1. Under 5 Å between amide hydrogens, which residues at least 5 positions from residue B:125 or on another chain qualify, with H placed 1.01 Å from N in the peptide plane?
2. Assuming R0 = 51 Å, what is the FRET efficiency of residue B:360 and residue A:47, from their Cβ-Cβ distance, to the nearest 0.05?
3. Per-residue mean of other chain beta-carbon atoms within 10 angstrom of the beta-carbon, peptide A:256-264?
4. Starting from the 7 Å offset along Cα-to-Cβ, what nm value, one decimal, do you get for the label separation of residue A:218 and residue B:275?
5. Only Lys, Arg, Asp and Glu count, each charged at its Cβ (+1, +1, -1, -1), so figure out the dipole size of the protein assembly as shown about its Cα centre, rounded to 20 debye.
6. Kindly express, to the nearest 10 degrees and within the range 0 to 90, the angle between helix B:315-328's C-alpha long axis and the longest C-alpha principal axis of chain B.
7. For B:181-188, what's the mean count of beta carbons from other chains sitting within 10 Å of each residue's beta carbon?
8. Picking from A:208, A:233, A:321, whose Cα lies most toward the positive end of the charge dipole for segment A:82-360 (charges on Cβ: Lys, Arg +1; Asp, Glu -1)?
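No value in this document is a laboratory result; all are computed from the given coordinates. Predicted model, so just to flag it, every value in this text is computed and none were measured. Glycine also receives a Cβ, built like all others from the backbone with ideal geometry; neighbour counts cover every protein chain displayed.
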Amino acid sequence: MPGGQGRPAPRQRPPGSGTIATAETQAPPPTSPQRRLPKRPPVASLLGLTLVGVVVIWLVINFTKGPSNFVEIFLIGLTNGAVYGLVAIGYTLVYGILQLINFAHGDVFALSGMVAFTVLFSVFKIGPNPSTLVIVGGIVGTLLITMTMFAGINVLVELVGYRRLRGAPRLAPLITAVGMSFIIQNIGLAVYGVEFRSGSDLVPHTNVFSVFGVSYQWHKLMVLLVTIPALFALTWFVTHTRQGKAMRATSQDMEAAAVMGINVNRTISITFALAGSLAAVAGLLYMVQFNVRYDTGFELGLIAFTAAVLGGIGNLPGAVLGALVIGFIQAFNEGLTWHAPGSDWTRSIVFGILIAILVFRPEGLLGERTPEGG
Amino acid sequence: MKVPTRLGGSGPDKHPGVDAQRGPVQQQWDRLPRLVRELALPVVVILVTFLYPQYVDSLKGIQSVGDFFPSVGSVVIMIVFTMMAVGLNIVVGYAGLLDLGYVAFYAAGAYTAAWLASQQFEQWSFHFGDSGVLPTLSGIHLSIWMVLPLAGIFTLVVGILIGLPTLRLRGDYLAIVTLGFGEIIPQFVRNGDNIHGFDLTHGTFGISPIDAPGFNGLLGLPVNYRQSLNSQELFFYTAMVLLLITVFCSWRLRDSRLGRAWIAIREDETAAAAMGIPLMRTKTWAYAIGAFFGGVAGAFYASFKSGAFPADFYFNISVFLLCMVILGGMGSIWGVLIGGMVLGYLNVEGLSTIGSKLSSSTGINFEPSKYQFGIYGLIIVIMMLFRPTGLISERRHKLELEEGVHDEALYESRS
């Protein structure tokens, strides 16, 4: 393998490599001669381009075969992608600051979905056919409760599991994260059993609009209505507050940030709290859209992680973009009729994308080349 | 090796001060040749284990604790998983490559056995060296003794194919990519019942039955294990032999040039590359050899339980094996053997025995086996936090982890 050998692996990562980048603060691409990148073999690039071309042709043919169906599936993809985006941001935030794949994040998400179910239907006791006010109030109230709760749980996970290992070899916290994931999953199993929880009848499935045979339902629009403000709030927090600034500084260089008087431990805790509360939002939305049970988080977490890597890990807009792309791919794969592999293969396709991205373009669509990359 | 040996291993007169404190028995022990001292513990352990089927019935007869001893059939499963853990230890413990998709190799091995020793491919009829199978039976039937190495080689090739593009990635990315393959291969197996009309894997039903090993009456050895009266014991002895071979290879590999290169890469990849170790080739070998043992173990297990089912190959198994390695001690053969046996026991019989004992004695209705993966997760977290080198630490690995103190950040990491 050309380029794989002998390249120095900096223990301390070079500045700006895995940082939390936002659209405004995106650092200019590294141009210093020491970080000049080896040329990718043209065969690999050609292969990748051919693959993308085949997918595009496949999409176009499918579009011509049934435009309205295609657009409807596109909207499904958009909705799912928005939920994935919320989870993906959790991965990307934590990776940006600790270079840790927080394996437990997916399970935090699933657990939050089940807790949201309890809060909605057992605490607030929302019955069948609720009025609009009840729906909105219920969702907002539940979000306030679960977001606070899972911010706390995520902070606890970091405090118990990862903080002690901050100076340890990098694989140590990763292994702990895998263990944590199983612990949280089994807490969900112990409390909620193996049944699926679904709140799919909470929001009515009536059409918002229906033009040219393309219809969009309220329960899908609701996802966007919640996700978009959440994303704006997050962006505002990261770019416009002191704490957000501290987060960006810590993710660039933890030690320098500490020297500048930033409380690194608190900043990391706040990052985990943010990730946890976004996971709680996603958990509620997913539970209302589909259903959750104790092991939902494993697969969905991996999908979201793939999304984060696809967009460029550590990059917030990248995570959302990657999530939308994954959402579209999944929806097209499961919904289109002409030569679609179908839902049996969704997992393989998502992982295939993950592997291809990591092998061919480890910096992702928008991100920068990480020290991991080939 | 926890055998009392001294550095240098030369005569006892070198350390008279130490000798004076040791009792007469220990002094006698010290005078024995070094080879005897080093091999004593392994030989005793091997003998005691090998004789397990002979005394298991009397152990099970003991009041109140007898139920905790596993049956011979369960021990076979424990041994198979321990074998996989020893194989995984080559990847994770020696070379320091976190592999979260080891179950893929288990699956590859099991399905090789299923293809080469069952009625899966009814359109062909091919028999070679098989025993206890009707010669008119359709499908490919090779002798299991041939299938085991073939499964190993097939899995080794799979390992190389997976490894070549991905081993360039470091650390956590590699873990995720291996996890990806660990998910893709079982899904392929699950969906592989109609590849352009060709039934490769028989879908979710899996392939069953699979032939059992046998000797065709050669040298008075049993014709076919499954048709023998003491089939469990025969499988047990075979599993033990396979495990011993695995451990022996793993032990010799560790001290070989390749093994030292693995450990060098684990400790510091950059320094290893600077010393002229070809990173890609060395890592690929670690991956391939680890895969080989996983494949052999998978093939043997498939033959033992006479089936390969896609439901057996899921992510949790990979983590279960990883947990064995971490509990025992990454890189330490004794550690992995103990970790594998302990967790294997808990998985196969232990947790359900404990659960039933608990409910019968206290009336608490708690099933620990339902939460077994939560328990493994807890073990992983506790081990990583408080004893990252495992129960039996490998000396070098311990040094490596303690050395990590130098990496501590400038700021105070108070919690």
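1. Result for residue B:125 returns B:139.
2. E(calc), rounded to 0.05, equals 0.25.
3. 2
4. Taking the simple label geometry, residue A:218 and residue B:275 are separated by 6.9 nm.
5. About 1660 debye.
6. 30 degrees
7. Averaged over the peptide's residues, the number is 4.
8. A:233
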